[in-house]
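**Q** Got a structure for you, questions after.
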Amino acid sequence: MKRDLAALTATRFDVLIVGAGAFGAAAAWDAALRGLKVAVIDQHDFGAGASAECFKMVHGGIRYLQHADVRRLRSSCAERSALLRIAPHLVNPLPIAIPTYGHGRQGKAFLTAGMWAYDLLTLDKNAGIQDPLRRIAATRRLSRNRTLELFPELEQRSLTGAAVFEDGQMYHTARLVLAFVQSAVSRGAVAANHTQALRFLWEGRRVCGVRARDSVGNEEFDIRAGLVLNAAGPWAEYLLEDPDHFGAHRRGHFSRDACFIVNRKPRSAYALAVPGWTKDSDAVVSRSARHLFAVPWRDCTLIGVWHRLFTERPDTARVEETELAAWIAEMNASYPALNLKREDVLYANCGLVPFGDSRSSNGDLSFGKETRYFDHRTQGIDGLVTVIGIRYTTARGDSGKALDLLLQQMPQAPGRPATDRTPLVGGEIRDFAELQAAARRAVHENIRSSTVNAWLRNYGTHYRALADLARLPEEACCLAQTDTAMAEVTHAVQEEMAVHLEDVVLRRTNLGSGSHPGQSAIAAAARRMQQLLSWSDGRRLAEIAATNQALEHHHAGERLTA
Ligand SMILES: Cc1cc2nc3c(=O)[nH]c(=O)nc-3n(C[C@H](O)[C@H](O)[C@H](O)COP(=O)(O)OP(=O)(O)OC[C@H]3O[C@@H](n4cnc5c(N)ncnc54)[C@H](O)[C@@H]3O)c2cc1C
């Protein structure tokens, strides 16, 4: 993938997509598969918005049982299956245990009935998934003894066991976005990161492109297209703040969602769901507290998710120290055995997602339910659709719907392609265990198993590109104490359009995607990028400073000196 701004200005595209989070990237892949001339731009980096901040769950829809919403349950399940089929390297099944207590709504009978209903409604959940490691198991019950074996410190009084269901889990949220972008580019799309849409271009009442700004070269130019999809997520409505064309646009309500990662090695493959303190006022079956999750992810544990009404710009969203302290207290109250302390927290994630409506703030929230679509023809404006997604899980399907809506304005528009079955770049894997075995044989033995495993998860079948690079000893070595090989830095710059050190550290490699990798690793990556991109020493130091700032942002303001 090369950053080719000349191609952006020289072509009149069929579709221009503004924003390359999960929704924009999936839309680009979909539109490219339809055979359209596609451009996709992001003001920052691919997946750098809410998508990178995500809790990494690919929801299978079980939570919609309590809303008695079978349509959403089935569609969420279909999206989970699709991601397991098309990106089996980046998504895997995740078993989640809900402890059962007594005979009420937390009781065995109540939850088992729900699980049976879910199994019945999702009989086709593994259609087209051959790999046994990627198939979603039926829901099941764990005995009291087995539950205590897995979670020895659970409250034992009236514990009867646990109900288990499976969701999907993403290994690297930003790389899944990147896989969609790479796939689109492999079918002819033109993609550019660090390119911001400043405003729409107009032909009368028709949107015909955007005025864009390249933040690397600090230049402005026009990108022209027959149709524009505004997929800028929580930023999307700021592009509509143009009273001459859109009238007085009122922004919808957004929640600042947040979660954090703690330095606790998972003791099993099971996630644990425990009741938190906020309630779901829209639930029709059970209005008990929403669950908090402690989830194994890589070598750590993910904890979340918290929601708060947020009215400021998305760029200003962050986690405050006081909030973190309150969440640690809530999680410790829900599952005292964790005994979390501030110093256990490695990383905090947050971003904006739409709220349904803001009936009230504390404890009685109305959560966003559906992706929002704005067909601007209702305002007399042609050529533009805006889509604002609620869940990463549904990005593939919902962005396809947004494109269908937009393409209504194209004569003889191509129909929807099989994005639910066509593997993304790197995802052509029939059996992950076989791929692992083959990789271990093919990759030089001086590369650690943990590094090879990370390559397989992040690059899928394209791990071979890393293995080829790593034939050179200087590319095979890992950065300081991490499992990330120098080859990954080189590959990110040469093949994955990484422009800044922050792109490499936070979004292309595992280095800073879940904790701070340490200053030596950052310095080593920066030196390699300096060689590859002919940076001055001043530029290298500025890149290190910017990367540290981005990492501090994820550490709730604490200074990181690792
Ligand atoms: C803490 C947290 C946990 C979550 N957990 C889950 C979960 O477990 N499972 C799940 O399914 N969902 C989860 N979500 C929701 C999910 O992350 C989002 O719904 C989804 O990522 C939204 O994708 P998007 O592409 O619409 O937005 P974004 O990812 O925000 O992408 C929008 C992109 O547009 C770009 N952009 C903005 N303005 C411009 C412009 N003018 N020009 C060019 N580019 C622009 C931005 O840089 C950004 O990259 C979570 C969200 C948060 C915050």
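**Q** Which count do you get for residues in region 138-175 that are in a helix (DSSP H, G or I) and polar (S, T, N, Q)?
**A** Within region 138-175, residues that are in a helix (DSSP H, G or I) and polar (S, T, N, Q) number 3.
**Q** List the number of the failed condition for LEU73; all other conditions in (1) farther than 29 Å from ARG507 by Cβ; (2) open to solvent by 10 Å² or more (accessible area, probe 1.4 Å); (3) touching a Gly at 6+ places or on another chain (Cβ under 7 Å); (4) within 16 Å of the ligand (Cβ to nearest atom) hold.
**A** Just one mismatch for LEU73, condition (2).
**Q** Any idea how many residues of region 316-342 are free of Cβ contacts under 8 Å to residues at least 60 places away in the same chain and of a type in the set (Asp, Glu)?
**A** 1
**Q** Moving on. Taking region 1-28 on its own, how many of its residues are closer than 17 Å to VAL228 by Cβ and of a type in the set (A, V, I, L, M, F, W, C)?
**A** Looking only at that region, the number is 12.
**Q** Looking only at region 173-204, how many residues end up being more than 16 Å from the ligand (Cβ to nearest atom) and hydroxyl-bearing (Ser, Thr, Tyr)?
**A** Residues in region 173-204 being more than 16 Å from the ligand (Cβ to nearest atom) and hydroxyl-bearing (Ser, Thr, Tyr): 1 in total.
**Q** Any chance you could count how many residues in region 196-227 are aliphatic (A, V, I, L, M) and either at pLDDT below 95 or open to solvent by 50 Å² or more (accessible area, probe 1.4 Å) (or both)?
**A** Summing the residues that are aliphatic (A, V, I, L, M) and either at pLDDT below 95 or open to solvent by 50 Å² or more (accessible area, probe 1.4 Å) (or both) in region 196-227 gives 2.
**Q** Quick one: is THR139 crowded, with 17+ Cβ neighbours inside 10 Å and touching a Phe, Trp or Tyr at 6+ places or on another chain (Cβ under 6 Å)?
**A** So THR139 fits the description; yes.
**Q** So MET115 passes all but one of these: (1) within 16 Å of the ligand (Cβ to nearest atom); (2) free of Cβ contacts under 8 Å to residues at least 60 places away in the same chain. Which condition number does it fail?
**A** For MET115, the exception is condition (1).
Residue-wise test of (1) at pLDDT 90 or above; (2) within 16 Å of the ligand (Cβ to nearest atom); (3) within 27 Å of LEU65 (Cα to Cα); (4) open to solvent by 50 Å² or more (accessible area, probe 1.4 Å).
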site	(1), (2), (3), (4)
ARG264	yes, no, no, yes
VAL285	no, no, yes, yes
PRO296	yes, yes, yes, no
CYS300	yes, yes, no, no
ALA333	no, no, yes, yes
ALA337	no, no, no, no
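**Q** Kindly provide the set of residues from region 410-467 that are touching a Phe, Trp or Tyr at 6+ places or on another chain (Cβ under 9 Å), open to solvent by 50 Å² or more (accessible area, probe 1.4 Å) and under 30 Å from PHE13 (Cβ atoms), ordered by number.
**A** If the condition is that a residue be touching a Phe, Trp or Tyr at 6+ places or on another chain (Cβ under 9 Å), open to solvent by 50 Å² or more (accessible area, probe 1.4 Å) and under 30 Å from PHE13 (Cβ atoms), then HIS462 is the only one that fits.
Quick grid of which residues meet (1) in contact with a helix residue (DSSP H, G or I) (Cβ under 7 Å, 6 or more places away or on another chain); (2) surrounded by fewer than 19 Cβ atoms within 10 Å (Cβ to Cβ); (3) in contact (Cβ under 8 Å) with a residue 40 or more places away in the chain:
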position	(1), (2), (3)
GLN130	no, yes, yes
ARG146	no, yes, no
PHE165	yes, no, yes
TYR171	yes, no, yes
ALA174	yes, no, yes
ALA179	no, no, yes
ALA184	yes, no, yes
VAL190	yes, no, yes
ASN193	no, no, yes
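**Q** Still on this structure, I have one more. Hey, among the residues in region 458-497 that are without any contact (Cβ under 8 Å) to a residue 24 or more places away in the chain and assigned to a loop (DSSP other than H, G, I, E, B), which one's nearest to ALA524 (Cα to Cα)?
**A** Applying the filter and picking the extreme gives CYS477.
**Q** Inside region 36-45, can you point out the residues that are open to solvent by less than 10 Å² (accessible area, probe 1.4 Å) and more than 6 Å from the ligand (Cβ to nearest atom)?
**A** VAL38, ALA39, VAL40, ASP45
**Q** Let me ask something additional. Going through region 306-331 one residue at a time, which ones are in contact with a Cys (Cβ under 6 Å, 6 or more places away or on another chain) and either among the small types (Gly, Ala, Ser) or open to solvent by 40 Å² or more (accessible area, probe 1.4 Å) (or both)?
**A** Passing the criteria: only ALA317.
**Q** Now for a separate question. Would you call ALA48 within 14 Å of the ligand (Cβ to nearest atom), of a type outside the set (D, E, K, R), open to solvent by 10 Å² or more (accessible area, probe 1.4 Å) and more than 17 Å from the chain's Cα centre (by Cα)?
**A** no
**Q** Could we say that LEU120 is open to solvent by 30 Å² or more (accessible area, probe 1.4 Å), part of a helix (DSSP H, G or I) and within 18 Å of LEU83 (Cβ to Cβ) here?
**A** So LEU120 does not fit the description; no.
**Q** Looking at GLY61, GLY107, which one is buried (at least 24 other Cβ atoms within 10 Å of the Cβ), over 30 Å from VAL216 (Cα atoms) and over 15 Å from the mean Cα position of the chain (by Cα)?
**A** Selected residue: GLY61, the only one of GLY61, GLY107 that is buried (at least 24 other Cβ atoms within 10 Å of the Cβ), over 30 Å from VAL216 (Cα atoms) and over 15 Å from the mean Cα position of the chain (by Cα).
**Q** A further question on this structure: Among the residues of region 430-454, write down those that are of a type outside the set (A, V, I, L, M) and touching a residue at least 24 places away in the same chain (Cβ under 8 Å).
**A** ARG430, ASP431, PHE432, HIS444, ASN446, ARG448, SER450, THR451
**Q** Filter region 53-69 down to the residues that are among the aliphatic types (A, V, I, L, M) and at pLDDT 95 or above, then identify the one that is nearest to the ligand (Cβ to nearest atom).
**A** If we take residues in region 53-69 being among the aliphatic types (A, V, I, L, M) and at pLDDT 95 or above, then MET57 is nearest to the ligand (Cβ to nearest atom).
**Q** Take the conditions surrounded by fewer than 21 Cβ atoms within 10 Å (Cβ to Cβ), touching a residue at least 40 places away in the same chain (Cβ under 8 Å) and in contact with a helix residue (DSSP H, G or I) (Cβ under 6 Å, 6 or more places away or on another chain) and apply them to ARG12. Does it pass?
**A** Answer is no for this residue.
**Q** Restricting attention to region 388-405, does a residue exist that is within 15 Å of the ligand (Cβ to nearest atom), of a type in the set (Lys, Arg) and either in a loop (DSSP other than H, G, I, E, B) or at pLDDT below 95 (or both)?
**A** yes
The values are calculated or read from the model by the stated rules, or taken from the named source; none is laboratory data. Please read all numbers here as calculations on a predicted model, not as lab measurements. Positions of Cβ are generated from backbone atoms using ideal geometry, with glycine treated the same way; all protein chains shown enter the neighbour counts. Heavy atoms of the whole protein, side chains included, go into the accessibility calculation; ligands, DNA and RNA do not. Shrake-Rupley method; radii C 1.70, N 1.55, O 1.52, S 1.80 Å.
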